[in-house]
Each structure stands twice: as structure tokens, then as C-alpha cells.
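Participant: Structure in C-alpha cells, see below.
Laboratory data are not the source of any read-out in this text; all were calculated from the coordinates shown. These numbers come from a predicted model, not from an experiment. Every residue, glycine among them, receives a Cβ derived from its backbone with ideal geometry; neighbour counts consider all protein chains shown.
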Amino acid sequence: MTIDIASQTQTRIDLVGLERGQLARVLADIGVPERQSKMRVQQLWHWIYHRGVRSFDEMTNISKDLRATLARRCAISRPEVVVHQKSVDGTRKWLLRLAPDAHGQRHEVEMVFIPEEDRGTLCISSQVGCTLNCSFCHTGTQRWVRNLTVAEIIGQVLVAKDALGDWPMLIERHPDPPAAGRFITNVVFMGMGEPLYNPENVFAACRVLADGEGLALSKRRITVSTAGVVPEIPRLGAETGVMLAISLHATTDDVRDELVPLNRKYPIAGLLEACRAYPGLSNAKRITFEYVMLKGVNDSEADARRLVAMLRGIPAKVNLIPFNPWPDSRHACSDWETIERFAEIVNDGGLAAPIRTPRGRDILAACGQLKSESERLAARRRSRRLR
Ligand code: SAH
């Protein structure tokens, strides 16, 4: 990615999400001598990703003069929190408002945090809206607006860390610190949007998330989920080495064409071939196949058996997701016995197939329920006008 520094001179340059080389170029541009560059980059990364500071004033190991120049020319941005909800089960959901884009528009995305016994998973968005129109997904009914920038992707994680107090200095003093030493242990690109339709920014964000001096998450704990943008899968592996999840949801092209229209472009066989070739797979590093259980659509015993046969030879696990309903959705969730029988067949076929307990349904934070509040309000206004 190249940053158009010239076009940003009016506004301040956002340092969040810049990779080391890019940050070094920004520093050169504001007059930091070359010989200091490496050290300054390291200091800035430490303050931004390890200490979570939001102002240059707090960067006490940087000279006053440089802090003043940084404050004049640069910024450490965060998306703005519009709504922060907490579910009865502890799941949290944020509605975030992004900074104005080139047209002065301020768009919104949602982000979810799912605490569990041994981990905390932050589910972040990669686009405003989505182009895929999967028939069972609420986000798909929202029009696509734009890709998120690297700063906006990383900014989501920073906002969540602020809200959870998930900074090392705060955790040290926490009365009831998390066993893993941090609240956010995993990041999944399973919020709004198709991450592999925004590959450059998502890959760069993965690198900052995984960097030991960045947000320092293990690559094993970062997962990019795709509906199957096949040509980008090898690049995801080569450029980031993070974990891959595939939203599979069907065992025949006929059914998948209907559920995930992207399948018409990239059918199942080619998708599975890309999965087989994903680098670094082993029993300890498996691809997750997500499978939403839709009553009478994809939940037969024959489907379960086909699923086992299809995935043979791929280090895989299957996540069975009970369908989460949303207003006006045309699908229903499979019966519980059907889901259990399906899981049993897949398990007997040698694949782990946990049934995902839906989390945060009461605040519409569960899989496929994300749709920004602004969009809901706009829809409500439109329907009121029609009446
Ligand atoms: N576009 C990417 C990232 C979104 S991930 C992808 O498709 O993988 C969101 C996950 O939630 C996907 O597996 C999606 O299929 C699933 N999902 C969408 N709507 C759902 C619903 N109503 N109930 C349960 N899961 C759903």
C-alpha cells in the first residue's frame, strides 16, 4: 500500500495501522533524522499498541519538540463509540462511527466481544456493509458502502481494549485479571463485510495485530473468515500466515449457489482445492468450516455425510452454527435433534463439530445479526414514509 502523504497534509496523518516502513516515511516527512527513525518507530509503536495512549503528550521518552510536531502533523485515531451494549451473557457489542470519508460521510460498523472461560474473542468488521447477499445473513441486506482502512480495522481493536481495560499496565493492577493475561486473546474477521474483498488492508492489519511490538497476538489466534474469495486465499496464507475459516454452509453447488451467491463465481471444488493448499496446515492448525444450520435446507443426514467426504484430507474442524433469526429473515433454525444428529455424523466421520451456542442474541450481536443502527433507523424512516 502506498500512502498519499501529499493529500493528507491538510488533515493530520493517522499513525494507527501504519506498518514500520510507512511510519518511517511519515517521520522522515516531518523532519525526523534518518538515524533516529528506527528508534522513533519503535517508541511510537510501543505507545500506540502497548500502552494505548491517544495523545502525543503522554509519550514521555520523546522530546517535547518532536511531540509538538507530531501533534501538529499526525494523529492517533479511534472510531467513535456510538452505542456500547452488554448482553445478559456478557457478550458486548459496539456501534462505531468512523471518521468522515472523502465525501464527508460518517459511516458505522459493529464489533462484538465474546468472553469465554479460557479466552476472549473480538469479532471485527472489514467493510461497511457487504456485497455478498448471503440469503441467511442480516448484514447482507445492508448495502455495501466501502472498505475499511487499516486504521479503522486496527482502531476497532484499540477501542475494545480501551473499553475492557485490556492494556498491560491496567491488567497488572486488575483486581480479577484474566487467566490468559489479557482480555482479548483472539481476533476474528467475522463481523461485517467480506475480508478478502478488502485484502490489502486486512492483510496489513493482520501483520500489525500479529507483530510482537504491535498488538502481539499469536497468528494462531487471528482468524480471517471468507465466504470463498478463492484467488485471495493463497495470498492470505503467504502474506499473513493467520488462520483461515470458510463459510461453507452447503455440500452441493446447487444449494450453495442459493445460500452464498459468491459460489456461482467460485464453486465448491475450487474452494476446497485452495483450502487443501493453504500453507502450514496440520492437526494443530486446522481450517474452520462454518456451517449454519437451516431447517430443511442444508441439514439432512445426507448433507452431514457429504460434508465428511468433502473435507477428507483437509485438516479441518466444523463449527455448526444454529441459525440466528433476524427480522424478516426467510430461514428457520434446524430443530435441536437435527443439529445433534448432524453433529454426531460429522463427529463419527472423524471431524470435531462443536455446536456453537449463540451468544449475545438479546442485543442482536450473534453471527449474521450485525447491521448498523443507522441503517436500521434509515430503513425505519423509509418504511414510515411509505405508510
Ligand atoms: N464474509 C465473511 C465474514 C463474515 S463471518 C464470511 O462470510 O465468512 C460471519 C459468519 O456468520 C459467517 O460464517 C456467516 O455465514 C455466519 N452467519 C451469517 N448470518 C448468520 C445467521 N443469521 N445465523 C448464524 N450464522 C450466520
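Participant: For the chain, what does -39500 (n - 2.57) per DSSP helix run (n ≥ 4), summed and divided by total residues, give at 222 nm, in deg cm²/dmol to the nearest 500?
Facilitator: Details: 12 runs with 126 residues, N = 387.
That comes out to -9500 deg cm²/dmol.
Participant: Taking the simple approach of a point 7 Å from Cα along Cα-to-Cβ for both residue 257 and residue 82, what is their distance in nm?
Facilitator: 3.8
Participant: Would you compute, for the Cα atoms of region 248-355, the largest minus smallest coordinate along each principal axis and list the three values in descending order, in whole Å?
Facilitator: Taking the Cα atoms of region 248-355, the three principal extents are 41, 32, 23 Å.
Participant: Sorted by packing (mean other beta-carbon atoms within 10 Å per residue), highest first, where do 197-205, 165-173, 22-30 land? Provide the component values of the computation, followed by the final result.
Facilitator: Numbers: 197-205: 22.2, 165-173: 13.8, 22-30: 17.9.
My ranking of the peptides, most packed first, is 197-205, 22-30, 165-173.
Participant: May I ask you to derive the FRET efficiency for residue 312 and residue 19 from their Cβ-Cβ distance with R0 = 35 Å, giving the value to the nearest 0.05?
Facilitator: Values: r = 39 Å, r/R0 = 1.11.
Result of the calculation: an efficiency of 0.35.
Participant: If amide hydrogens are placed 1.01 Å from N in the peptide plane, which non-local residues have theirs closer than 5 Å to the one on residue 146?
Facilitator: Those lying under 5 Å, H to H, from residue 146 are 128.
Participant: To continue, here is another question. In the neighborhood of residue 45, defined by Cβ-to-Cβ distances under 9 Å, what is the net charge if each Lys or Arg adds +1 and each Asp or Glu adds -1?
Facilitator: Values: positive: 20; negative: 211, 213.
Once all neighbours under 9 Å are counted, the net charge is -1.
Participant: Now for a separate question. Note the per residue figure in Å³ for the convex hull of the C-alpha positions in region 124-238. Mind dumping the intermediate values first?
Facilitator: Working: hull volume 13.5 nm³, N = 115.
Cα convex hull per residue, to the nearest whole number: 117 Å³.
Participant: Relative contact order for region 5-75 using alpha-carbon pairs under 8 Å, separation at least 6, rounded to a whole percent? Kindly include the intermediate steps, with their values, before the conclusion.
Facilitator: Details: 43 pairs, mean separation 29.7, N = 71.
Result for region 5-75 is 42 percent.
Participant: Grab the Cα-Cα distance for residue 173 and residue 305, subtract it from 0.36 nm times how many residues apart they are, and report the gain in nm with one decimal. Present the calculation step by step, with values, prior to reporting the outcome.
Facilitator: Numbers: separation 132, 0.36 × 132 = 47.52 nm, distance 5.10 nm.
Length gained between residue 173 and residue 305: 42.4 nm.
Participant: Would you mind telling me the antiparallel percentage of the DSSP bridges in the chain, rounded to 5?
Facilitator: Working: 19 of 42 bridges.
Percent antiparallel among DSSP bridges in the chain is about 45.
Participant: Which shape class applies to region 80-374: rounded if a/c is under 1.5, otherwise prolate when a/b exceeds b/c and oblate if not, where a ≥ b ≥ c are the square roots of the Cα gyration tensor eigenvalues? Don't skip to the end; give the middle numbers.
Facilitator: Numbers: a/c = 1.42, a/b = 1.36, b/c = 1.05.
Rounded is the answer for region 80-374, as its axis ratio a/c remains below 1.5.
Participant: State, as an integer percentage, the relative contact order of region 80-374 based on alpha-carbon contacts under 8 Å between residues 6 or more apart. Walk me through the numbers on the way to the answer.
Facilitator: Values: 585 pairs, mean separation 53.2, N = 295.
With pairs under 8 Å counted, the relative contact order is 18 percent.
Participant: State the extension gain, in nm to one decimal, for the chain segment bounded by residue 37 and residue 51, taking 0.36 nm per residue of separation less the distance between their alpha-carbons.
Facilitator: Additional length available on full extension: 3.0 nm.
Participant: Here's another thing I want to ask about it. Which one, 80, 273, 152, has the greatest fluctuation when you compute a Gaussian network model over the chain with C-alpha springs under 10 angstrom?
Facilitator: Evaluated over the chain, the most mobile residue of the options is 273.
Participant: When the distances between all Cα atoms of region 44-133 are binned every 10 Å from zero, what whole-number percent does each bin get?
Facilitator: For region 44-133, the pair-distance distribution reads 13, 30, 33, 20, 4, 0.
Participant: Additional query: Please list, ordered by chain and number, the residues whose modelled amide H lies under 5 Å from the amide H of residue 107; skip anything fewer than 5 residues away on the same chain.
Facilitator: So residue 107 has HN proximity to 98, 101.
Participant: Tell me which residues come under 5 Å, amide H to amide H, from residue 289 once H is placed; ignore anything under 5 positions away on its chain.
Facilitator: Residues meeting the criterion, in which the H sits 1.01 Å from N, are 246, 317, 318, 319.
Participant: With the convex hull built on the Cα atoms of region 5-75, state its orientation-averaged projected area in nm². Please report the intermediate quantities before stating the final value.
Facilitator: Values: hull surface 17.3 nm².
Its Cα hull, projected and averaged over all orientations, spans 4.3 nm².
Participant: Which whole-Hz couplings ³J(HN,Hα) result when phi for each residue of region 275-282 is put into the Karplus expression 6.51 cos²θ - 1.76 cosθ + 1.60, θ = phi - 60°, listed in order with x for Gly and Pro?
Facilitator: 5, 4, 8, 4, x, x, 6, 7
Participant: Okay, next question. So the label point goes 7 Å from the Cα of residue 337 along Cα→C-beta, right? Which residues of region 286-328 then have their backbone N under 17 Å from it?
Facilitator: 295-296, 299-302
Participant: Expressed as an acute angle from 0 to 90° and rounded to the nearest 10, what is the orientation of the C-alpha long axis of helix 199-210 relative to the principal long axis of the chain?
Facilitator: 70
Participant: Roughly what angle does helix 301-311 make with the longest principal axis of the chain, taking Cα atoms, 0 to 90 degrees, to the nearest 10?
Facilitator: 50
Participant: With everything on Cα atoms, drop me the angle between helix 20-29 and the longest principal axis of the chain, reported from 0 to 90° to the nearest 10.
Facilitator: Roughly 30 degrees, rounded to the nearest 10.
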